[in-house]
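The structure appears right after this line, and notes come after that.
The values are calculated or read from the model by the stated rules, or taken from the named source; none is laboratory data. Note that the structure is a prediction, hence the values are computed from the model and not measured. FYI the Cβ positions are ideal-geometry reconstructions off the backbone, even for glycines, and counts take in every protein chain you see. Remember, those area values only see protein heavy atoms, side chains included, never the ligands or the DNA or RNA. Shrake-Rupley method; radii C 1.70, N 1.55, O 1.52, S 1.80 Å.
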Amino acid sequence: RISDFGTSGLRGADTCEVGTDWSRLIKESGTSNKDSSSGGSFGIGKFASYALSQLRCVFFSSLDDRGTSSSFGVAKLVTFEKDGEQTTGTGYLSENERNIAIPHQLDIPGAIRREPGQEGTDIYIVAPKLDDDFTLQTIFNVLSNFMVSIWKDKLIVQVEAITVSRDSLASAVALVESHLDQQASKVVEYHDLLTNKSGSTIEVAFDPTSSEKAQDYAKEFGYGLGECRLFIKGGEQLDRKIMRTRASGMTLFAKGNISSSIQFTGILMIEGEAMNRDFRKMESPSHDSWDPGRTKKPKWAKKNVQMLDRWMKSVVLEKLAKPMEDE
């Protein structure tokens, strides 16, 4: 069972109309309707639940913030050959032949019952493929993909009996480091960077008046004070890359070509509404690159990325470059 709390639940289960939260999660493909600060933008991640099920079968149960209870089941059957023909199909556990939501929460052994004040959604994965180190690997993946979200106290994840939150972040990082060693090196590095554990973190908020590069960037795109924050630190054997995140805190991607002479690592947090809106339009479906060609103004978007990189490079050089006599 995968459950969320503190959310609105699956609104729209009472009508099941196209475009509602219920329809986008359960019936539609490749659709999303989120604001500029949201992480998911393409409606692709929802299929992960089916990939985890050996039967590709998932049940949904929800209580929304308007008091509507609902449940539904979907089996995306695997293609197989029968009498020389390939067969496939999707099966539904629904209220009737119109394949609409069942107007109550899921009623199977072990299902939880949500009461008012516990709004949210439960996803039940049938016959999941779980490895022996499922708990440890899940915690590692949570830290790898949502470290900033947890550090900002926007997200708390409980895996079995282990809770990963802002307060328990250090112990969760220590857990994966002790078991996964080198595999967890970036998680450890980013945690050190955010918490300034080593005392070497430098935090710089975007300020149009701080430098010529910042002034040019702000003038070109209208970004004001605090649209983004950059966390950097120098040190031996660091990757010379800056990892990007937007307002949700979800890890996007790390990119180099900042400096070939300075050893450092960093995290860029895009937090302002304007910058979030502009860079969200460029984000690839896999959230691992910015592609100006996805926008209606590719030249404008490409220049935006270039000027952001130049500003980050100027900060790295200003804060971490050593004077020649020190060398």
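The table below gives the values:
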read-out	value
Probe 1.4 Å - accessible area at residue 95, Å² to nearest ten	90 Å²
Estimated FRET transfer efficiency (residue 253, residue 220; beta-carbon r; R0 22 Å; 0.05)	0.40
Region 50-205, accessible area per residue, ligands and nucleic acids excluded (1.4 Å, Å²)	57 Å²
For residue 191, solvent-accessible area (1.4 Å; no DNA, RNA or ligand), Å²	20 Å²
Considering only region 220-315, percent of DSSP beta bridges that pair antiparallel, nearest 5	70 percent
Mean residue ellipticity (222 nm) of the chain, computed from DSSP H runs ≥ 4 via -39,500 (n - 2.57), nearest 500	-9000 deg cm²/dmol
Burial order of peptide ranges 107-113, 208-214 (average beta-carbon count within 10 Å, highest first)	208-214, 107-113
Proximal aspartates and glutamates to residue 255, defined as alpha-carbon separation beneath 17 angstrom and excluding residues fewer than eight positions away on the same chain	189, 239, 283, 288, 291, 309
Peptides ranked, highest mean first, by Cβ atoms within 10 Å: ranges 114-127, 271-284	271-284, 114-127
Length added when fully stretched, residue 144-residue 160, from 0.36 nm per residue minus Cα-Cα	3.9 nm
Pairwise centroid distance, computed over Cα atoms, of region 69-120 with region 238-309, Å	38 Å
Most mobile listed residue (268, 130, 25) in the chain, GNM with C-alpha springs under 10 Å	130
Entries of 233/322; 154/281; 241/303; 27/129 with Cα pairs more than 18 Å apart	154/281; 241/303; 27/129
Matching label, Rg and Dmax of the Cα atoms in Å computed from the structure shown, candidates (1) 21.6, 74; (2) 20.1, 62; (3) 22.9, 80	(3)
